[in-house]
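Report on one structure; see the data block that follows.
The values are calculated or read from the model by the stated rules, or taken from the named source; none is laboratory data. In this text, all values refer to a predicted model and were calculated from it rather than measured experimentally. Glycine gets a Cβ as well: all are built from the backbone with ideal geometry, and neighbour counts include every protein chain shown. Accessible surface areas use protein heavy atoms only, side chains included; no ligands, DNA or RNA. Shrake-Rupley method; radii C 1.70, N 1.55, O 1.52, S 1.80 Å.
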Amino acid sequence: MVGRYAEIIPVSFDDPPPTDFDPMALPLFVSVEQAAELTLPDVADVGFPFGQLRPAFRLGTIAGRVEDAAIAHKTPWHGKDGSGMPVMALIGLTDPLQPISAAVSAAGGDALDLGAVPVIAAPLWEMSDKEIAEILTKLPFLPNS
C-alpha cells in the first residue's frame, strides 16, 4: 500500500491554513477560487502516507518540477510519460496562525496574475529546522507572469 504523494486542498486564503493533517502528509493548499475547475476527491487524504518519503523531500521534488515547468522553452512541460507540472507559484508556509494570503503577500506574490498562475501553499511547520532551511532555498517560487 502506498499513500498519497501530496494532496491538493482548496481553502480560503483569507484564513490560516488547516492544521489537521498527519505530520508526514503533504497537503498543498490552493484557493477555493482557483480550485473551482479542478476535479478533486470528496475527502482529502491527509493521513499517514504509507510508503512515501518525508514531506520535505517530496516538496523539494515538486519544487524542482515546478521550476522546470516555468522554463520558457519547456512550457508547457511534459515528461515522457505525459506527466508534468503546470506553471505555478509555490509558497512555503512557516506560521500555521498566519492567513495564507499574508504569506503569499510576504513572498512577493501580490504581482502574480491569479487568473493565469495557480498559487500553491505548502505547510512547513511540521518539518525539522534543517528541512525548512533547505526547502526555503527553493521557495518561494514565483514564475514570471
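Below are the figures for this structure:
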{"read-out": "The chain, accessible surface, carbon-and-sulfur percent (1.4 angstrom probe)", "value": "56 percent"}
{"read-out": "Solvent accessible area, Å² - R54, 1.4 Å probe, full protein context", "value": "110 Å²"}
{"read-out": "Segments 10-23, 57-70, 36-49 sorted - mean Cβ within 10 Å per residue, highest first", "value": "57-70, 10-23, 36-49"}
{"read-out": "Inter-site label distance for T94 and V2 at 7 Å from Cα along Cβ, in nm", "value": "3.3 nm"}
{"read-out": "Mean accessible surface per residue for the chain, computed with a 1.4 Å probe while every protein chain stays in place, in Å²", "value": "56 Å²"}
{"read-out": "Answer label for semi-axes √(5λ) of the Cα gyration tensor in Å (calculated), chosen among (i) 24, 17, 15; (ii) 21, 19, 16; (iii) 44, 15, 12", "value": "(ii)"}
{"read-out": "Alpha-carbon centroids, region 83-110 and region 19-76: separation in whole Å", "value": "12 Å"}
{"read-out": "Length added when fully stretched, R65-D22, from 0.36 nm per residue minus Cα-Cα", "value": "13.1 nm"}
{"read-out": "Value of [θ]222 nm, deg cm²/dmol, for the chain, DSSP H segments ≥ 4, -39500 (n - 2.57) each, nearest 500", "value": "-6000 deg cm²/dmol"}
{"read-out": "Distance between modelled label sites at S128 and E37, nm, 7 Å Cα→Cβ extension", "value": "4.1 nm"}
{"read-out": "Nonlocal amide H pairs with I9, under 5 Å, H built at 1.01 Å", "value": "L28, F29, V30"}
{"read-out": "Percentage relative contact order, the chain, counting C-alpha pairs under 8 Å, at least six apart", "value": "29 percent"}
{"read-out": "Karplus-derived 3J(HN,Hα), 6.51/-1.76/1.60, for each residue of region 95-100, Hz, glycine and proline x", "value": "10, x, 9, 8, x, 4"}
{"read-out": "Highest-first arrangement of 128-140, 112-124, where packing means the average Cβ count within 10 Å", "value": "112-124, 128-140"}
